[in-house]
Each structure stands twice: as C-alpha cells, then as structure tokens.
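Right, one structure below, let's go through it.
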Amino acid sequence: MRFAEILYDDGSVDQRNLRGADATDRYTLRGDAKGEVYLPHFTFHGFRYVQVEGAPVEWSIEGMVMRSEFAETGMMKIDNPVVQKLWLNTLWSQRSNFLAIPTDCPQRDERLGWTGDAQVFWDTAAFNMDVAAFTRRFLRDLRDAQTPKGAVPIFAPTVNSAAGASPGWADAGVMLPWICWRRYGDTTMVTEHWDAMCRYVYGVIADNPDLTGAKCLAPILATGCRSMPISPQMRPRQELVATAMLKRSLDQMADMGSAIGKTKSRTLSRSGACGSARVSKDFRGGEWPCRKR
C-alpha cells in the first residue's frame, strides 16, 4: 500500500512531495474469508489516494480515521458549494492533524507540533471542536520545552529548543490559553500557564528594552526557511512583525491578568503593549492605537 496526496497522469500515486517519507506499508494476507484487517500500531498516514498492489481485484477497501477524540461543536452551512467545501476541507485538516499533538501536516517525513501553525489556526480549531483538554495537554509540552530565558520553541515536544524566540511561533504560548479562555470562559489554563507566559514576554522585553522585538527573531523569522530565505531588505519588515506580535501578546496578557486578578501584571503588560504600539509607528509610518482598559 502506497499513500499519496496527488497522482501522476497515468493514475499512479505521486509521492514526490512527501520528501523522505516512504509512506508504504507491506502486509501479508492471513487468508481470512471474512476479510483482512490491517491496523499498524506505530505509524499512520495522511493521504487522498492509496495504491494497493497484490490484493484481489474484487476487494473493496475501507480506511479508518485516526485522531484525538473531540466533540465537534461548530458547523457552517452556506449556499456556495465552493466555500462550503473549503470549510469542510478545513475541518478534515483539523481531524487529520490533531492526533496527540497539533501537527502542520500528517503525510510527510516529519510530524511535529509546530507552534506557529497552532497560533494561527487555534481560534478556528476551538470553534470547530472542543479542544480545551487538548490545549491544556499541549501547553504542558510548551512549558516542558521552554528555555530558561522563557523562549517557547517552534515546535513541541522537543529536546533541543533554540536559544531565541521566533515571533509568531513563540507567541503560541500566550495565544492558545487566551483563545481557550475567550472561547470557553474557563481561566484554568490561564492560571496554570501564567508563570510560563510571564517568563516569555518578560524575557523578550529584557532582550529588547526598546520594545521592537528585533533581537528575538531566531530561528525562523530572522532567516526564513530553506525555500524562501529572508533578504536584508526585508529586515525592517521582519522587525515590524516581531513588534506587532509582542504587542498582541502583551495585550492578551493584560486581558488574562484582569480575568484572574493579576492587576500588577495587567498594568505592566498594558504599558508594554502601548510602548510597542508607539515604536511600531517608526516602522509603518502610521498610528497603532493603544487599547485603554
């Protein structure tokens, strides 16, 4: 059985986009007249197509969906079939990627809990499904992987956290508990994760007293990825992104501080967010107002 997302023109599976993943299983039939069941214990596959060789042609094949168990709480119905299919594809992407950890893709040669993808998608995830328990468990992974200076890694679990924090990726440590609090009205995760959030934002501020976030660009936002490196001309824009992420996290910390009675931390966070907003004007030449609460 060879698994893939796309096909060649002749109808055979095209696995080139899977990088180093073999995505191939071999099973010896046991001769059960009632049918064969193959369910591997140590792997799973994300796929649209499976090419089966060696099985009787008259057989039909049924796949089993594997995912962490969630109650599906959100539904969207719309008259436009293209938009409706887009939403359904998004739901299936969540089902496919939320298996023990929140991966960014279930099919290729790495399946890691990428924090950048998580913080972008988590609000949608929390609408589609009840992800409170899943979030709480993943936040423990983030705390376990947090560096002594407070940086949250680009993926978790991990045994080799980078020294610096990548804006957007590291901000998942603030974004995820904030989303769950807003979606579900439960401050449990906020309280449990509060010290970790404080270590992160105060660590960034300690490295960036001017509140630009310019010194917390490692490892991804500073250099880009292998296929899209960051040019020197993009550096100011990257610093703007870092500053914007810092402001957002500080605003969210202030909101959560109010919810759990951390009034001193709330004031410090709001003050830092306003400082980041003022600095951002130097990058974008416009106004980024502070929120007054």
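No value in this document is a laboratory result; all are computed from the given coordinates. Fair warning: this is a prediction, and the values are worked out from it, not measured in the lab. Positions of Cβ are backbone-derived with ideal geometry, glycine not excepted, and every protein chain shown enters the neighbour counts.
The table below lists the values:
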read-out: Cα-centre dipole for the range 113-208 with unit charges at Cβ (Lys and Arg positive, Asp and Glu negative), debye to 20; value: 100 debye
read-out: Per-peptide average of other Cβ atoms within 10 Å, ordering 137-143, 30-36 highest first; value: 137-143, 30-36
read-out: All aspartates and glutamates inside 12 Å of residue 262 as judged from Cα atoms, apart from same-chain residues fewer than 8 positions distant; value: 195
read-out: Rough spin-label spacing in nm, given labels placed 7 Å along Cα→Cβ, for residue 64 and residue 88; value: 2.5 nm
read-out: Sequence ranges 170-177, 185-192, 83-90, 5-12, ranked by mean other-Cβ count within 10 angstrom, highest first; value: 170-177, 185-192, 83-90, 5-12
read-out: Top positive-direction residue, dipole computed over the range 68-168 with Cβ charges, set 84, 147, 126; value: 147
read-out: Radius, Kirkwood style, for the range 56-172 when every pair of distinct Cα atoms is counted (Å); value: 15.9 Å
